[in-house]
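Working notes, structure below.
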Amino acid sequence: MFDFVPYLSFLTSGFGLFFICFLLMRFRRISKVYGLIYIIFAVVFQEFYIYALTSKHIYHMLFMLRTPNIIRIFLPVALFLYVRGMLLPANKLRGVHFLHFVFPVLLTIGVMPDLFLSAVEKANNLDHYYAQNKYFITRPMGWIPAGFVQPVSIIIGIGYGISTLVLIYLTKKRQGTNYVYLNQQSLVWLYMLSAAILIYFLLQFYQFVNLFLNNSFDPPSQVIKCVIGIMLFTYFITTPNVQENMDGCILPKGKSFPSIQEIYPHLIPEFKVDQVAMNLDKQIKESKAYLSAEYDLSGMAKDLEIPISKFPKLIKKYYGVSFVEFINRLRIHHFLEQRSYFDQFTLETYMYQSGFSNRSTFYAAFKKYVGVNPSFYLKEMAN
């Protein structure tokens, strides 16, 4: 009846691999994405291992034997630290947080001997497993006693899953309604991810108990795990607001947004009567060369016939901001000026037309100068 389960696990791992590629292509410049990538990789690896084990293809991939236990034990820690970093991106990791890795590292060391067994020994272990499914949990794992690694790592995973959900709830409570309002879509994603991993470990615990008591694999729970995984990947890919906050949830800044003119860089008052400064301001803003993604410091300095070493200092002197902030403000200003036309093309079309070369830079600049992500801003302005 459940002959399709191995292939469903294979499909889930394939979908997860596609999701990892998507994250790497879109968000590789954001450090926090690598925590999420490990979480997804751990799930993908587990599902592919189930496929290999249930289809017996693992005889051709003996290197995988026992490795899922190591991948799994680091998963709860990765989840907790990723969610923490997303909730409060300004809070940096401290030395005490690395204590989370003590148990996973010790377990990895303990399992090591099994990883270096010969191919013949690994194949022999698999023969025993297929003869009696609970064989793996009734024999020692490396230097670790029998029946210790799987239940303990699963229980730790459940504990971390609950702790992560509590962390999200307490952060919402501490930060207040404004924080929740501004970050509602990202908070939904973090809740979904944490709940999915918690359910994943609960189902693994059920599978372990079923294996221990009945000496059989439980297909329905495996189907549920696969469906949850696919739904989770799909939700992220199809929800733009979540993607816009990959660098961490936005912090509350109130619901009054700066006007378009406040974002626009203006000459410092004392230079508004300075002829050199006024000519420079006019040349830059009227040419609109900054709308080209290739237009950088050297290009602008060359067009204005100003030495490249001197140009950033003039920008700082006349506008009180760095060259990068000066350019980004001009681009964000142009982007917002096109707001009335946004229903004609996609948001990304106007992003590229405003001079930004990638989403990460655009979203980071937008949130820095406007205070919220683009989709949220446009929705509020429409209301």
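The values are calculated or read from the model by the stated rules, or taken from the named source; none is laboratory data. Here the structure is a predicted model, which means the values were calculated and not measured. Methodologically, a virtual Cβ is constructed for each residue, glycine included, from the backbone with ideal geometry; neighbour enumeration extends over all protein chains shown. For the accessible areas, the whole protein counts, side chains as well, though only heavy atoms, and no ligand, DNA or RNA atoms are used. Shrake-Rupley method; radii C 1.70, N 1.55, O 1.52, S 1.80 Å.
Reported count of residues in region 233-253, each being open to solvent by less than 20 Å² (accessible area, probe 1.4 Å) and either in a helix (DSSP H, G or I) or in contact with a Ser or Thr (Cβ under 6 Å, 6 or more places away or on another chain) (or both), is 7.
Yes/no matrix, rows are residues, columns are (1) at pLDDT 85 or above; (2) of a type in the set (S, T, N, Q); (3) loosely packed, with under 12 Cβ neighbours inside 10 Å:
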| residue | (1), (2), (3) |
| --- | --- |
| PRO265 | yes, no, no |
| ILE268 | yes, no, no |
| ASN279 | yes, yes, yes |
| ALA289 | no, no, no |
| GLU294 | no, no, yes |
| LEU297 | no, no, no |
| MET300 | no, no, no |
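Scanning region 350-370 for residues being touching a residue at least 60 places away in the same chain (Cβ under 8 Å), farther than 12 Å from ALA293 by Cα and of a type outside the set (D, E, K, R) gives a total of 5.
Can you confirm whether LYS288 is without any contact (Cβ under 8 Å) to a residue 12 or more places away in the chain and not polar (S, T, N, Q)?
No, not satisfied.
Can you tell me which residue within region 27-64, out of those that are more than 12 Å from the chain's Cα centre (by Cα) and more than 22 Å from VAL223 (Cα to Cα), is surrounded by the fewest Cβ atoms within 10 Å (Cβ to Cβ)? Per the criteria, the residue is HIS60. Among the residues examined, MET86 qualifies as among the aliphatic types (A, V, I, L, M), in contact with a Cys (Cβ under 7 Å, 6 or more places away or on another chain) and part of a helix (DSSP H, G or I).
Taking the residues in region 321-363 that are closer than 26 Å to PHE22 by Cα, open to solvent by 50 Å² or more (accessible area, probe 1.4 Å) and assigned to a helix (DSSP H, G or I) as candidates, determine which candidate is modelled with the lowest pLDDT. Ranking the candidates gives GLU348 first.
Checking each residue in region 160-187 for being out of contact with any Phe, Trp or Tyr (no Cβ under 8 Å at 6 or more places or on another chain), aliphatic (A, V, I, L, M) and free of Cβ contacts under 8 Å to residues at least 40 places away in the same chain picks out ILE162, VAL166, LEU170, VAL180.
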